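The values are calculated or read from the model by the stated rules, or taken from the named source; none is laboratory data. Predicted model, so just to flag it, every value in this text is computed and none were measured. All Cβ positions, even for glycine, are placed from backbone atoms using ideal geometry, and neighbour counts span all protein chains on display. These accessible areas exclude ligands, DNA and RNA; they are computed on the full protein's heavy atoms, side chains included. Shrake-Rupley method; radii C 1.70, N 1.55, O 1.52, S 1.80 Å.
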Amino acid sequence: MDLNGVHISFVHASYLQVTRRLWQQLETVNDNIPWLVIGDCNCILRNEEKKGGLETRTSVINEFSDWMEHNNLFEVDALGCNFTWTNGQSGHRRIISKLDRAIINPAWLSKFENWRCKDLPREVPDHSTLIGFPFAVPKPKHAPFRVQKMWFLHADFMCMVTENWNLPVFGNPDFIFTFNLKRLKVEMKTWNLRVFGNIHSRLKKDKLRFETAARISDEDPSNIPN
């Protein structure tokens, strides 16, 4: 798939041979072409990237590191979780490690300056979701208005809409319709803050609490209460 001059390919785990890893399936990288691989490499680069289970063989780590050095590749600066995979066990059986990462070449960094990667907290799946993005992204001056699905689940929502829509307004039908829409949008924003509060701020705080709890748990995988 080609998107804005960037060729994108997907490799599913079912395609890979049992004894080989994602990076072992990749061809030699052309230094002049922007190149990125992001996802489950199924291998750590450093011993401190794994806790629990059997110790990873040094030869495997060196093979991965040598492949990166041979192709003039380096790992993207990552934010978020230190460990991106867990075996889903607890106590002494628990294993956590950093198997997912983003790897680029100098040509990619030259084209996409200040490119970073965010390792999101592990939630339902055993792997973290990785998101790549330019570090400095200008925010829009005016956030677009969006209707929230949760509004329709609130008992007072339709009553508020009906009352606001039926408020008196005079003019031709075209003017009345557009005026009602603008007035209702203002009322929806006010009603949302009054009923639900600032959900974006609340969500950020809850995500921060979740990430903090995940890091504390990762520091000592055998601690079941954590």
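Here are the numbers for the structure shown:
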quantity	calculated
Distance in nm between pseudo-label sites at residue 155 and residue 226 (7 Å out along the Cβ direction from Cα)	4.4
Loop GluC sites (Glu not before Pro), segment 89-188, which have at most 15 other Cβ atoms in a 10 Å radius of their Cβ (DSSP)	113, 123
Per residue accessible area of segment 75-226, 1.4 Å probe, in Å²	68
Exposure rank, largest accessible area first [188, 158, 150; 1.4 Å]	158, 150, 188
³J(HN,Hα), Karplus 6.51/-1.76/1.60, whole Hz, each residue of segment 150-158, x for Gly, Pro	5, 4, 6, 8, 8, 4, 8, 5, 5
Cα centroid separation - segment 163-221 against segment 30-53, whole Å	39
Under 5 Å, built H, 5+ apart or other chain: amide partners of residue 84	97, 98, 99, 100
Rounded to the nearest 10 Å², the accessible area of residue 131 at probe 1.4 Å	80
Accessible surface, 1.4 Å probe, highest first, among residues 110, 217	110, 217
In Hz, Karplus ³J(HN,Hα) per residue of segment 181-191 (6.51, -1.76, 1.60; θ = phi - 60°; x = Gly, Pro)	5, 5, 5, 5, 4, 4, 5, 4, 4, 5, 4
Cα gyration tensor shape for segment 60-118, rounded if a/c is under 1.5, else prolate or oblate	oblate
Listed residue pairs exceeding 30 Å between alpha carbons, taken from 51/118; 149/207; 51/205; 98/149; 118/149	98/149
Loop trypsin sites (Lys or Arg not before Pro), segment 46-96 (other Cβ atoms within 10 Å of the site Cβ: 13 or fewer; DSSP)	46, 57
Listed residues 210, 133, 177 arranged by accessible area, highest first, probe 1.4 Å	177, 210, 133
Gyration tensor verdict on segment 117-226 (Cα atoms; rounded if a/c is under 1.5, prolate if a/b is larger than b/c, oblate otherwise)	prolate
